[in-house]
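Visitor: Would you mind keeping the following structure in view while I ask a few things?
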Amino acid sequence: MYSVIATAAVHGIAGMIVKVETDVTNGMPEFEMVGILSSEVKEARARIRAAIHNTGFLLPPKKVTVNLGPADVRKSGTGFDLPIALSVLAAYGLLESEACAGTLFTGEIGLSGRLRPVRGILPMVLTARDHGYTHVVIPKENEAEACMVKGMNIHPAKTLWEVISWLKGERTLEPGPINIEETGSPQEEPVDFSRINGQRVLRRACEVAASGMHNLLMVGPPGAGKTMVARALPGILPKLTEEERMELARIYSVSGRFEERRSNLYARPFRSPHYSVTATALVGGGRVAQPGEISLAHKGILFLDELTEYQRPVLEQLRQPLEERKVRLARVSGTYCYPADCMLVGAMNPCGCGYYPDKNKCACTPGDIRRHLRKVSRPLLDRMDMSVEVPRVKMSELTGSGENESSQAIRSRVEKAVELQERRYGQENFRYNSRIPADKIDTYCPMEPGARKQIARAYEQLNLSARAYHRLIRVARTIADLSESDLISESHMREALLYRTMDEAVWR
Amino acid sequence: MDYRFWFANAPGISDAEKRKLLHIFGREEELFSLSENQVEKLELLSPRAREALLAAQRDKSWQGKRKTLLEQGVSLVCWRDKEYPEKLKNLYDPPYCLYVKGKLPPQEQKTVALVGARSCSDYGRAAAETIARELAVHGVGVISGMAYGIDAAAHQGALRAAERSGSPLGIFRAAESSGSPREALSGHDNGGESPVFDTIGSTYAVLGCGVDVCYPAAHRRLYEQMIRTGGVISEAPLGCPPLRHLFPRRNRIISGLSDAVVVVEARKRSGSLITADCALEQGKLVYAVPGRISDELSYGANWLLSQGAFVLYSVREFLKDLGVEKTEPEKFMENSLEKNERLVYSVLDFTPKHLETLLVETGLDFDGILKVLYRLTELGCAKEIHQNYYIKSKVDS
C-alpha cells in the first residue's frame, strides 16, 4: 500500500514542504529510505521501528520503501521521525490515510514512542500556513513557539500514541493556555542608564548610535565603564516591530534557541560572544549551516568586548555581513542565507596596558601602540560609524548623587527619532539613517551651508575617505533627527565630527 | 674621476686618519695613485688602515656607488669643502664627510637642536611642536633625529611654520635639487654662493643610517617634506641600515650642528642626555624644558636643570638668548575671545583633557562646549590631539 504525509524542512531561516511517501509491498523484508538524507534522518529507521513496536503495533516483515521528496534537496534534522512513522503505519493500513490530509507533522521520536522537540518549528509552521495547511502536529515542548503563528490549529503531542489516537478521533490535542510573555526563563535585564555616573559624552554617543543603528566603537582604559554602558544599550533601543520580531524568532527557532528569546520577545537581542569565538560561531556555518552570533544579534546589538583580543581572521569575517546585512553561506547542499542586520558595538583599550594617552601610567612605545591598534584592521574600523574615547571616571563623579537620566527618558527620544526616520524612509527598503545608500545621501541629508563648509574642511584636514565622509553625514543626520530638525545644522555636524573614527595617522 | 668621493667612501680608515692623509697629500687623487710600497711606508697609518687603503684602491665598486648617489640627488660634503659646517670643524671628532639629501643649514643660520623621548607625553609633544614652530618662524633652523615622539614633533612644528609663512621654498628647492644632482655633488667648485635661501621653516634631521633610508619607515612623509624644506643629513654611507652604534655618534652631530640643544622630555636614562653631554663637551648651550616632578618623563630634563642647564621657560626669552629678535610679536589677545571661549581656553592645558573633563570643569552644556572648542580650534588656540582629547596650542610668550 502507499501513503503520503506532509512535513517541513528548514533551509536557512525559511521552511520548505517535504512529502514523506511510503510504499509497503511483499518481497524481501527490508526498510529502505531515499531522498538525499543526512545520517540523522537515515537513523530514523531504527527509532521508528522501535517506537512503533513500543506503541503497540506489530509490523509484519515486508519490503518498506520511504521517499522524502523533493528528492533533490538534502534533508537533515530530526523532525522527520514523526511523519515517517505515521506514513509507515498508514502504508501498512494501520491508519486512515485521509485523516492525515491537510495536516503537517513534525517531531523527533524516542524509542519509547515519546516525542522530542525539534529546531526550526516557527519557519515550518509559517510555511505550512503559506501552503494552505490548517493543522500542525508538533512535540509538546515546541508548543509556545508554534503558537506565535496566528491562524493555525496547533496540536501539541507528547507521544506517538497521542498522535495516532487524535488521528483516529479518539482524543483531542489542544495547546495549553500560553502566555508567551510570561513563560520561559527570565532574561537579564539591561543595566539602566541612571546607574551610570558621569560619562556624558559616551551617554550622548549611545543615544545617537541607538537612534540611527550606527555601529559604535568605544576606546578607553580598563574600568572606564565601557562594558557596563554596552549592557545598558539594549534598554534604550526602540521596541521591535511585529515583522522584526517574527524574523528574529525564526532565526532563534532555527538555531534551537527559541527558549532564550521566549521571555523577552519584544526586546532587541544583545549578543556578546567571548573573544575566543570562532569564525563559524560568529558569522554562522558548520557542515549543516547554522546562524552565527551576528545573525542572532539581528535587529539588535552585537557587542565585541576587548576587540583587539579577537583573532584577526575571525574579525575580518564580519566585513562582508556588516556591509550586506546578511550572511550567505555556500555549502554543497545549497546556499543558506541568514539575516544579519545588527548594530556592532566594540570596546577596546587604546594600548596594551590600557592607559594611553596618559603617559604617566602608560609605558607603551609608539611601536607597541601601533601594533596593538593594528590588531583591528583598517577596513573593519572603516565600518564603525562612530567612535568615542572613554576617559576614566573621576572619583567625584563616581560617588556623585545619582540624578542621571534613566534609560526610559533616553528611549523616548530615541523612539521619536526612529519614528521620524520611519516616516522619511517609508518608500525605501531601509529604515535607519545608518543604512542610507551613498547615492541617496544628497536627497535625505540636506545641510545648511555652514555645515557643508565644515565637513568640506574636515574632509581636507582629516584626510577622510569617501566612506568616512558619508558616514559622518549619516551620523549628522541622526543627530539632526534627535533635535527634530530637517536640515543638518552646523552644531549637528560639529557633534558628528566629534564621533568620527580614529585618524588615519594614529591607526595604520 | 671623482676621487673625492672615492676617498670619502673608503671603508676601514678612521675620520682622523683621513684628515691626516689629506693634510699630507693635499689631493685625494694622489692617494688613489699611491703604490703599494708607498702605502706600506705610511707610518702614520695603523696597519689595518693601510690594508684598507690598498683594498680601497683595488675596489672598483665605488664608481657604481657614486652613480647611485647622483641618481638619488644626494650630495657629499667633505672635510675641506666650503659647505662643510663651520660649527662641526671645532669638534673633537668631526665627521670626515656628510651625506646630505636636501640642504645643510647655511653657515650663518642659527640652529637649535630639539631632542627628547621617543615615547613622549602629549605635553612634551605639544611643547616641542610649539617651540620648534616659534623658532622656525624666526628663521632658526630646527635640528633633530627624525625619531618618534619629540623628534618628529619638533620637525613637524618647524614645517608648520613654513606652511604658515607660505614660502614657495618647497617647490623651488625640490626643482633645484632634482634638476642637477651633478652640480650638487661637485658643490665645492661652484659653492660659495648659497642659493637664495629662505630660512623660515627649515628643519634638518641627522640620521643614524644612510640618508636614503627612511628610519623609522612610518616617517616617510615627514622625510619627504624635510628634504624639500630642509635636509636630511648623515655620516653613514648610502644604504647603511640603522645600526645601534651609529646613534650615539649621530647625537654628536646633532649637537655639533646646533648653537643650542634643548631637551624637551627625557626619562632617567635617556639617549637625549647623551646629546646633552655632547653639547656640553662641544661648548654648546644646553636648555631643558621643565616638567612636573610627578612626570617620570620629565625626570631627565629636570635633572639637567638641577645640574645647571638653562631653563626654557619662554620661547621669547630663548630667542633673545640666541640673539634672534622676535620679529612680529603676533600677540595673542586672550581678550579678543568671547566669555565662554575665554572660560574654555583658561581650562585647557598642555596636558590633554578629555571633553568629559572640560564639560565638568567649565559647566557648559554639550552643544555650547563643542561650539567653543570648534571656534578655538579654528583660531589655533586649541587642538584635538587625540579623539576627544584637547590641548591648548598657543603659548603666551
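Visitor: Which cysteines does chain A leave without a neighbouring Cys Cβ under 4.7 Å?
Guide: A:Cys100, A:Cys147, A:Cys206, A:Cys337, A:Cys342, A:Cys353, A:Cys362, A:Cys445
Visitor: Still on this model: Could you compute the net charge surrounding B:Lys60? Neighbours are other residues with a C-beta less than 13 Å from the C-beta of B:Lys60; K and R count +1, D and E count -1.
Guide: Details: positive: B:Arg58, B:Lys65, B:Arg66, B:Lys67; negative: B:Asp59.
Spelling it out: positives minus negatives among the neighbours equals +3.
Visitor: Over all residues in B:346-358, what is the mean tally of Cβ atoms on other chains that come within 10 Å of each residue's Cβ?
Guide: Working: counts 0, 0, 0, 0, 0, 4, 4, 1, 7, 6, 14, 4, 1.
Mean inter-chain Cβ contacts per residue within 10 Å come to 3.
Visitor: Mind computing the radius of gyration and Dmax over the alpha-carbon atoms of region B:334-392? Å is fine for both.
Guide: 10.0, 28
Visitor: If N is the number of residues in region B:210-333, what value comes out of its Cα radius of gyration divided by 2.2 N^0.38 Å? Walk me through the intermediate numbers first.
Guide: Working: Rg = 16.6 Å, N = 124, 2.2 N^0.38 = 13.7 Å.
Here the answer is 1.21, to two decimals.
Visitor: Counting just the Cα atoms, what span does region A:193-429 cover along each of its three principal axes? Round to the nearest Å and put the largest first.
Guide: If we take the Cα atoms of region A:193-429, the spans are 58, 41, 34 Å.
Visitor: I've got another one for you. Counting only other residues whose beta carbon sits under 11 Å from that of A:Glu448, what net charge do I get with K and R as +1, D and E as -1? Intermediate values should be presented prior to the final figure.
Guide: Values: positive: A:Arg452, A:Lys453; negative: A:Asp486, A:Glu490.
Combined, the nearby Lys, Arg, Asp and Glu give 0.
Visitor: Here is a further query. Ignoring ligands, DNA and RNA, what accessible area per residue does chain A give at 1.4 Å, in Å²?
Guide: On the way: 21080 Å² over 508 residues.
The answer is 41 Å² per residue.
Visitor: So for the protein assembly as shown, taking the charge dipole from beta-carbon charges (+1 Lys/Arg, -1 Asp/Glu), which of B:Val360, A:Gly132, B:Ala16 sits furthest toward the positive end?
Guide: B:Ala16
Visitor: Which semi-axis lengths, in whole Å and largest first, follow from the square roots of five times the eigenvalues of the Cα gyration tensor of region A:2-167? Let's see the in-between values first.
Guide: Numbers: eigenvalues 112, 58, 40 Å².
Square roots of five times the eigenvalues give 24, 17, 14 Å.
Visitor: State the percentage of accessible surface on the protein assembly as shown attributable to carbon and sulfur atoms; use a 1.4 Å probe and exclude ligands, DNA and RNA. Don't skip to the end; give the middle numbers.
Guide: Working: 19680 of 38810 Å².
Carbon-and-sulfur percentage of accessible area, whole number: 51.
Visitor: So, one more: Per the Kirkwood formula on distinct C-alpha pairs, the Rh of region A:388-484 is how many angstrom? Before the final figure, lay out each step's value.
Guide: Numbers: mean 1/r = 0.0628 Å⁻¹.
Evaluated on region A:388-484, it is 15.9 Å.
Visitor: Further question: Assigning unit charges at the beta carbon (Lys, Arg +1; Asp, Glu -1) and nothing else, what dipole magnitude in debye, to the nearest 20, does region B:334-392 show about its Cα centre? List each step's numbers first, then the result.
Guide: Details: 7 positive and 10 negative charges, 26 e Å.
That gives a dipole near 120 debye.
Visitor: Would you please state the base-10 log of I(q)/I(0) at q = 0.10, 0.18, 0.20 1/Å for region A:297-415, with intensities from the Debye formula using one equal scatterer on every alpha carbon?
Guide: Result of the Debye calculation: -0.48, -1.09, -1.18.
Visitor: Using the alpha carbon gyration tensor of the protein assembly as shown, what are the three equivalent-ellipsoid semi-axes (square root of 5 times each eigenvalue), largest first, in whole Å? Can you show the working numbers first?
Guide: Values: eigenvalues 1121, 249, 91 Å².
They are 75, 35, 21 Å, listed largest first.
Visitor: Once you've got the Cα coordinates, tell me which of B:Lys110/B:Lys320; A:Lys226/A:Lys394; A:Lys375/B:Lys383 are over 24 Å apart.
Guide: On the way: B:Lys110/B:Lys320 12 Å; A:Lys226/A:Lys394 15 Å; A:Lys375/B:Lys383 28 Å.
In this structure, A:Lys375/B:Lys383 lie more than 24 Å apart at Cα.
Visitor: Let me ask something additional. Quickly estimate the mean residue ellipticity at 222 nm for chain A, helices only: each DSSP H run with n ≥ 4 gives -39500 (n - 2.57), and the total goes over all residues, rounded to 500. Intermediate values should be presented prior to the final figure.
Guide: Working: 22 runs with 186 residues, N = 508.
Counting only the DSSP helices, I get -10000 deg cm²/dmol.
Visitor: Report Rg(Cα)/(2.2 N^0.38 Å) for region B:1-59, keeping two decimals. Could the numbers behind the result be given before it?
Guide: Values: Rg = 10.0 Å, N = 59, 2.2 N^0.38 = 10.4 Å.
Against the empirical 2.2 N^0.38 Å value, I get 0.97 for region B:1-59.
Visitor: Explain nothing, just the number: dipole magnitude of region A:2-167 about its Cα centre with +1 on each Lys and Arg Cβ and -1 on each Asp and Glu Cβ, in debye rounded to the nearest 20. Please report the intermediate quantities before stating the final value.
Guide: Details: 16 positive and 16 negative charges, 49 e Å.
So the magnitude is around 240 debye.
Visitor: Let me ask you something else. Kindly state, as a whole number, the per residue volume in cubic angstrom of the convex hull around the alpha carbon atoms of chain A. Walk me through the intermediate numbers first.
Guide: Details: hull volume 82.6 nm³, N = 508.
About 163 Å³ per residue, rounded to a whole number.
Visitor: Shifting gears a bit: Just the Kirkwood number for region A:87-184, please: inverse of mean 1/r across all distinct Cα pairs, in Å, one decimal.
Guide: Working: mean 1/r = 0.0721 Å⁻¹.
In region A:87-184 this quantity evaluates to 13.9 Å.
Visitor: If you don't mind, another one. Debye calculation, C-alpha points only, no solvent: report log10 I(q)/I(0) for chain B at q = 0.06, 0.13 Å⁻¹, in the same order as the q values.
Guide: Normalising to I(0) and taking log10 leaves -0.28, -1.06.
Visitor: In the structure shown, do any of A:Lys75/A:Lys299; A:Lys62/A:Lys168; A:Lys19/A:Lys150; A:Lys42/A:Lys326; A:Lys42/A:Lys63; B:Lys18/B:Lys41 have a Cα-Cα gap over 27 Å, and if so which?
Guide: Details: A:Lys75/A:Lys299 29 Å; A:Lys62/A:Lys168 24 Å; A:Lys19/A:Lys150 24 Å; A:Lys42/A:Lys326 32 Å; A:Lys42/A:Lys63 16 Å; B:Lys18/B:Lys41 16 Å.
Distance filter (> 27 Å) returns A:Lys75/A:Lys299; A:Lys42/A:Lys326.
Visitor: Between 0 and 90 degrees, rounded to the nearest ten: what's the tilt of helix B:169-179 against the longest Cα principal axis of chain B?
Guide: Around 20 degrees separate the two axes.
Visitor: Report, to the nearest 10°, how far helix A:44-55 tilts away from the longest principal axis of the Cα atoms in chain A, using its own Cα long axis and a range of 0 to 90°.
Guide: Roughly 60 degrees, rounded to the nearest 10.
Visitor: Using the Cα centre as the reference, give the magnitude of the dipole from point charges on the C-beta atoms of chain B (Lys, Arg: +1; Asp, Glu: -1; all else neutral), rounded to the nearest 20 debye.
Guide: 660
Visitor: How much net charge surrounds A:Gln421 when only other residues with a Cβ under 9 Å from its Cβ are counted (Lys, Arg +1; Asp, Glu -1)?
Guide: So the surrounding residues net to +1.
Visitor: In straight Cα distance, which aspartates and glutamates are under 14 Å from A:Lys140, not counting same-chain residues fewer than 8 positions off?
Guide: A:Glu108, A:Glu162, A:Glu174, A:Glu259
Visitor: Can you list residues from other chains, or at least 5 along the same chain, whose modelled amide H is less than 5 Å from the amide H of B:Tyr204?
Guide: B:Val142, B:Ile143, B:Ser144, B:Gly231
Visitor: Considering every pair of different Cα atoms, what Kirkwood radius, in Å, is found for region A:436-508? Before the final figure, lay out the partial values.
Guide: On the way: mean 1/r = 0.0815 Å⁻¹.
About 12.3 Å for region A:436-508.
Visitor: Right, here's the next one. When DSSP beta bridges are limited to those with both residues in the protein assembly as shown, what percentage is antiparallel, rounded to the nearest 5? Working shown, then result.
Guide: Values: 43 of 92 bridges.
If I count the DSSP bridges inside the protein assembly as shown, around 45 percent turn out antiparallel.
The values are calculated or read from the model by the stated rules, or taken from the named source; none is laboratory data. These numbers were taken from a predicted model, which means no experiment stands behind them. We place every Cβ from the backbone using ideal geometry, glycine too, and count neighbours over all the protein chains shown. Only protein heavy atoms, including side chains, enter the accessible area calculation; ligands, DNA and RNA are left aside. Shrake-Rupley method; radii C 1.70, N 1.55, O 1.52, S 1.80 Å.
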